[in-house]
């Protein structure tokens with residue numbers, strides 16, 4: 001009886017892990033898309049609005065959903081805190097604190113990390129170029145992420161159940 | 001925060017100091033230390049209090065000694081915050097320091113300062129002005145902006161209430177109850193802007209402090225092309241420029257004067273550093289419209305103005321009724337007043353003006 005209960009638990013855990021993994025595969029392109037849109041909005045804020053970076057980030061945060069919102073919000077807060085953080089430090093610290101909550105992976109993070117070095121430190125044209133470049137790279141990552149989603153989303157769902165089943169068989 | 005305490009002490013000391021020296025002058029915005037990145041701020045805070053209270057300029061040059069300037073005396077600063085004349089012992093701001101400083105003064109957004117970079121300086125909250133030096137980028141033969149910025153000159157703005165006390169009586173026409181058209185002449189750093197600011201405040205609020213028949217407050221329009229007189233941030237002056245004062249911030253002088261005349265019906269127009277052809281035209285326009293103009297220009301003597309065509313025309317037409325010549329030596333400002341025929345009205349009065 002107890003064995004049966006354990007087996008069910010293991011199966012359940014495996015399945016859930018599989019679904020979770022699948023959800024991450026599905027969420028990644030979505031979040032990258034959202035990030036690209038955020039980049040485009042940032043570009044507009046900079047090129048037409050002359051909005052200072054902290055304000056622009058705060059506005060972006062207001063329009064975005066979680067988990068991207070907290071990245072931009074905390075970066076804006078670091079910048080406006082008056083404790084002498086540069087834009088670069090603020091963005092990098094915020095990435096460090098909040099990246100884990102997103103479904104995105106290292107390449108996207110690297111793109112933002114790279115962008116943090118130039119954001120706010122040059123004239124408009126240069127800013128726009130860098131942001132456009134980041135958006136371009138993100139689009140590339142998005143395409144890759146979609147491929148991965150198509151390949152692995154269903155597999156990981158069934159794989160979870162199967163791994164659970166395998167463990168159960170091995171244990172018995 | 002820990003440095004707030006220091007600031008308070010320094011504020012109190014600075015006040016006491018200035019009061020003795022200037023008789024009524026008061027400094028109201030000692031927040032300039034907040035501009036600096038932590039490392040340079042801590043060095044500056046270790047400077048002797050007396051010196052810190054009198055600082056007029058702080059110069060940051062990447063890889064070269066940190067320099068401070070008070071009342072004409074230049075000193076380098078060591079890492080321990082000691083003033084020195086030996087450049088080798090001085091603290092040398094690193095690339096990181098200057099990058100950080102630029103990031104802070106631009107509110108992390110250099111791209112919002114394109115106009116400022118074209119002109120070569122930034123005005124920050126508190127009315128302080130930061131001059132920039134670096135490599136310029138040209139476009140069509142004109143400076144488009146500055147990149148690789150490595151030199152900063154922080155001019156600490158001082159609001160000295162009462163700076164205009166001694167001069168104001170000469171500028172007021174008691175019979176006609178209006179201000180005279182005046183031109184203030186002085187070399188850079190001799191207190192033009194501070195004087196204009198206090199003039200605006202006192203004319204606008206009604207000359208309560210000047211020892212003359214109390215004139216009623218007048219409407220004052222300030223054209224503040226370099227955001228220096230009012231130190232406006234988001235259009236709101238950071239200095240007290242009086243209750244009836246309108247400020248046209250960051251506006252080209254000539255255009256600003258015309259806009260003010262058309263729309264704000266000022267009694268007195270105050271402009272800083274006129275000199276170009278179109279400025280002279282706008283001044284003439286204002287004078288004909290019955291508006292008193294109080295302007296300033298670079299130069300130490302009226303004769304120098306003869307070399308500048310636009311100013312020469314203004315003088316030849318006897319547009320200004322009063323010329324005020326400022327001269328400062330060892331922290332004391334003296335001034336001379338001349339009438340429209342260049343006759344000296346009053347000799348070497350000891351003034352109470354201070355540097356902006």
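Name the residue, out of A:11, A:16, A:60, A:37, that is crowded, with 19+ Cβ neighbours inside 10 Å and either at pLDDT 85 or above or assigned to a helix (DSSP H, G or I) (or both).
On the way: A:11 fails: crowded, with 19+ Cβ neighbours inside 10 Å; A:16 fails: crowded, with 19+ Cβ neighbours inside 10 Å; A:37 fails: crowded, with 19+ Cβ neighbours inside 10 Å.
Step by step, each of A:11, A:16, A:60, A:37 is checked, and only A:60 is crowded, with 19+ Cβ neighbours inside 10 Å and either at pLDDT 85 or above or assigned to a helix (DSSP H, G or I) (or both).
Would you point out which residue out of B:137, B:124, B:77 is within 30 Å of residue B:197 (Cα to Cα) and touching a strand residue (DSSP E or B) at 6+ places or on another chain (Cβ under 7 Å)?
Checking each option against the conditions leaves just B:124.
Just wondering, is there one or more residues in the range A:20-34 that are facing chain B (nearest Cβ under 10 Å) and touching a residue at least 60 places away in the same chain (Cβ under 8 Å)?
no
Looking at A:49, A:84, which is the one that is at positive phi and within 13 Å of another protein chain (Cβ to nearest Cβ)?
A:84
Residues A:168, A:163: which one is in contact with a helix residue (DSSP H, G or I) (Cβ under 9 Å, 6 or more places away or on another chain), crowded, with 16+ Cβ neighbours inside 10 Å, in a helix (DSSP H, G or I) and at pLDDT 85 or above?
A:163
Could you tell me which of the residues B:95, B:75, B:99 is surrounded by fewer than 20 Cβ atoms within 10 Å (Cβ to Cβ) and closer than 30 Å to residue B:235 by Cα?
Values: B:95 fails: closer than 30 Å to residue B:235 by Cα; B:75 fails: closer than 30 Å to residue B:235 by Cα.
Of the residues listed, the single one that is surrounded by fewer than 20 Cβ atoms within 10 Å (Cβ to Cβ) and closer than 30 Å to residue B:235 by Cα is B:99.
Do the conditions hold for residue A:111, that is, is it within 13 Å of chain B (Cβ to nearest Cβ), modelled with pLDDT of 85 or more and closer than 30 Å to residue B:111 by Cα?
No: the conditions fail for residue A:111.
The values are calculated or read from the model by the stated rules, or taken from the named source; none is laboratory data. The model shown is predicted, which means the values in this text are computed figures rather than measured ones. Cβ: placed from backbone, ideal geometry, glycine included. Neighbour counts: every protein chain shown.
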